[in-house]
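The values are calculated or read from the model by the stated rules, or taken from the named source; none is laboratory data. Keep in mind the model is a prediction, meaning the values are calculated, not measured. Cβ: placed from backbone, ideal geometry, glycine included. Neighbour counts: every protein chain shown. Just so you know, the surface numbers come from the protein's heavy atoms only, side chains and all, with ligands and any DNA or RNA stripped out. Shrake-Rupley method; radii C 1.70, N 1.55, O 1.52, S 1.80 Å.
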Number of protein chains: 2
Amino acid sequence: MPRTYAHPDPEDVKLPRVLFALSDPVRLEMVRILADREAVNSLDLGPGMPKSTVTHHTRILREAGVTNTRPEGRNCWISLRRDVLDVKFPGLVDVVLAAGTDT
Amino acid sequence: MPRTYAHPDPEDVKLPRVLFALSDPVRLEMVRILADREAVNSLDLGPGMPKSTVTHHTRILREAGVTNTRPEGRNCWISLRRDVLDVKFPGLVDVVLAAGTDT
DNA sequence: TTTATTGTTCGATAATTCCCGAACATATTG
DNA sequence: CAATATGTTCGGGAATTATCGAACAATAAA
């Protein structure tokens, strides 16, 4: 599958795009799943979801700068880019994670 | 003009919708304008912008629960619903305002 | 090498969103 | 009442987004 994945440089991670990436319930849930763990296999972010749909959402998160995607074998390890997010938008990830699932 | 405006109850203010409302540069700028002041006349939120476009964006902010709209005469005073936002999503508004205009 | 697994890419469709002009409603002012 | 100012509503057109099946590429395993 994937050879390389383009990630925005930290200076290109913009708030509106990040907020948009987080504004979808599906992607918000993905972020919640990622919060606890170091990295997660991409398809595990959307259990029972069509693969192409998972790809769609993970791509939006990645291109917004919210996540990092590291290919390994035929898997994709996805993680939160907290290093970037916590510097550029301190508290944002915490705020989002603090909100309950149904809020 | 307007007689009444529907505002979501605090328990109906949901994070995805709030984040979506904030994910647009135009609306983000509106929120920045609102941050300092107690209330702002609606059309002052979109200087030089078509009125119907201002209405469009202010409606999305209002229906998401981000702003309050109070009609007075033929004006609309718009304000941030910090009372609700700061309780439901503590830190969110601060995070957004802390980010520079170009980030 | 054949098979199975993981994930992407490519349509296609339905739904949403954005932008704005024109017409309208409401309220103030002359 | 007539004229003006503020903001909404309606309509349409362009652009984006969401969802997903089908075909495909790449890797790992048998």
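Filter the stretch B:54-80 down to residues that are out of contact with any Phe, Trp or Tyr (no Cβ under 9 Å at 6 or more places or on another chain) and touching a residue at least 24 places away in the same chain (Cβ under 8 Å), then give me how many there are.
Selection size over the stretch B:54-80: 13.
Quick check on residue B:67: is it among the β-branched types (Val, Ile, Thr), under 23 Å from residue A:101 (Cα atoms) and within 16 Å of DNA strand C (Cβ to nearest atom)?
In short, yes.
Of all residues in the stretch A:83-98 being more than 9 Å from chain B (Cβ to nearest Cβ) and open to solvent by less than 70 Å² (accessible area, probe 1.4 Å), which is nearest to residue A:4 (Cα to Cα)?
So the residue we want is A:84.
Considering each residue of the stretch A:19-56, count those that are more than 10 Å from DNA strand D (Cβ to nearest atom) and farther than 20 Å from residue A:82 by Cα, and give that number.
The total comes to 2.
Take the residues of the stretch A:57-74 that are near DNA strand D (Cβ under 8 Å from one of its atoms) and open to solvent by less than 70 Å² (accessible area, probe 1.4 Å): which is farthest from the other protein chains (Cβ to nearest Cβ)?
Selected residue: A:71.
Taking the stretch B:6-46 only, how many residues are open to solvent by 60 Å² or more (accessible area, probe 1.4 Å) and in contact with a Cys (Cβ under 9 Å, 6 or more places away or on another chain)?
Adding up the residues that qualify gives 1.
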